[in-house]
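Readers should treat all values here as calculations from the given coordinates under stated rules, not as data from a laboratory. Since we're looking at a predicted model, the values are computed, not measured. Here the Cβ positions follow ideal geometry from the backbone for every residue, glycine too, while neighbour counts run over all protein chains shown.
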Amino acid sequence: MNKKENKPSQLAMRFFYWFCRPDFREEIEGDLMEQFNIYYKNYGYNKANELFIKEVVFLFRPSIIGNFNHLTNTHTMEIINQNKRLVTILALAIAILFIPLIAMNITNEVNWTLFDFIVVGVLLVGTGLTLELILRKIKTLKYRILLGIVLFITLFLIWAELAVGIFGTPFAGS
């Protein structure tokens, strides 16, 4: 019998040690190991390990984590907040792209091609990333607001030109 077979996933254990409050670890780890051994006897190693990983993931909740002080420091939190903005930008771009996608299924008046979705996706993500660059690099609130307004006016004008051709360029959608 392999010695590995009577121990649960080390990756799951590392994740557990990372998020679990130090004052809860010993008791919860004991319960987890006891449950793993029961699963191991009843289902074998692979199924026991799968169920163990599932239980560790289900433990990841605010009551076990408590405060985040034991997880990170201030510099790391700043990086996490910046990355949350990036994820929010991508999520908003995808959410906006879902509007015409849903409208195409409801009415025949909206008729976008794959190319339209790609162009608008690039336009939205590019605008979002430019806004993120402004927020990271420009320190003065006045200039941030000014550049943000210019950025969104530019986005609106490009979108309007692509949609209905207000300037009559070759890129007009009419």
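One equal scatterer on each Cα of region 74-164, no solvent, Debye formula: the resulting log10 I(q)/I(0) at q = 0.23 Å⁻¹ is -1.20. For region 107-150, the list of trypsin sites (Lys or Arg not before Pro) that fall in a loop by DSSP and count at most 10 other C-beta atoms within 10 angstrom reads LYS139. Between the listed residues MET13, LEU32, PHE117, the Cα displaced farthest toward the positive end of the dipole of the chain, a dipole computed from Cβ unit charges relative to the Cα centre, is found at MET13. The distance between label points at THR140 and TYR17 comes to 5.0 nm (points 7 Å beyond Cα on the Cα→Cβ vector).
What stretch of the chain, leaving out the sites themselves, is the longest with no chymotrypsin sites (Phe, Trp or Tyr not before Pro) in a DSSP loop having at most 15 other Cβ atoms within 10 Å? Between exposed loop sites, the widest span is 1-59. Within the shell of other residues whose beta carbon sits under 13 angstrom from the beta carbon of LEU147, the net charge comes to +4, with Lys and Arg scored +1 and Asp and Glu -1.
Per-residue ellipticity at 222 nm computed for the chain from its helices equals -26000 deg cm²/dmol, with DSSP H segments shorter than 4 residues left out and the rest contributing -39,500 (n - 2.57). Labels on offer are (1) 1.07; (2) 1.15; (3) 1.62, and the one holding Cα Rg over 2.2 N^0.38 Å computed from this structure is (3).
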